[in-house]
């Protein structure tokens, strides 16, 4: 198992790349590194389950034709213990291969040869769906999220101060706060926050997310505590500082 990481302050997620073609494996690894991902890589499927036990993996890019165990077989094994998103790589475009992969639990597939940009787009898509699903599932079942004496009731969509005062939140501010709470103590880039908070627009220079962060800060922080709740990490994004518990 090879572990290749990028700048830890630009963490978009941990990705496991499994392909026996060293050139393709290196191409994907370097491309994902440039876009802010941690990358683990392997030439076969044997070590995949062990990697999932040892490390937090956010998504797997898995070649179908592997020595010893196929990617589809590995995907079926993964699904017995983990919901981690899986994108299959295949050199064959036949319908039965695609269907077998999806029925085996894959979330998406891409046919070789492929554009790295297309792979990145598909990776972002499966990560977005997984993270939004995680937020929806956890908040629906847990009901309340606590931090620094504050309480967010996700069933009522109500935020209460340590003194018991209800704070009004817009939909955008609420989604942004949930995104921070679900990823506390982890640097989140503007792009990831736009995806998690469902504020993505077609304009990469859109400043909506920055405005919402500014508004949320004003509601959560006093002038004396400025920057102690939502910390700006220069050149990387934002970090939600308080300890978060789910009740």
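Annotations
- Count - residues of the stretch 29-62 that are touching a strand residue (DSSP E or B) at 6+ places or on another chain (Cβ under 8 Å) and not in a helix (DSSP H, G or I): 17
- Residue satisfying condition, being buried (at least 20 other Cβ atoms within 10 Å of the Cβ) and at pLDDT 90 or above, within set 106, 121, 74: 74
- The stretch 220-241, residues that are modelled with pLDDT under 90 and either crowded, with 18+ Cβ neighbours inside 10 Å or on the phi < 0 side of the Ramachandran plot (or both): 221, 222, 223, 224, 225, 226, 228, 233, 234, 236, 237
- Residues of the stretch 71-126 classified as in contact (Cβ under 8 Å) with a residue 60 or more places away in the chain, part of a helix (DSSP H, G or I) and touching a helix residue (DSSP H, G or I) at 6+ places or on another chain (Cβ under 8 Å), total: 5
- For the stretch 166-202, a residue qualifies if it is closer than 20 Å to residue 38 by Cβ and modelled with pLDDT under 80, and the qualifying residues are 195, 196.
- One residue stands out in the stretch 124-153 among those that are in contact with a strand residue (DSSP E or B) (Cβ under 9 Å, 6 or more places away or on another chain), under 29 Å from residue 86 (Cα atoms) and at pLDDT 80 or above: the one that is surrounded by the fewest Cβ atoms within 10 Å (Cβ to Cβ), namely 125.
The values are calculated or read from the model by the stated rules, or taken from the named source; none is laboratory data. What you see is a predicted model; the values in this text were computed from it and never measured. For neighbour counting, all protein chains shown are included, and Cβ atoms are generated from backbone atoms with ideal geometry for every residue, glycine included.
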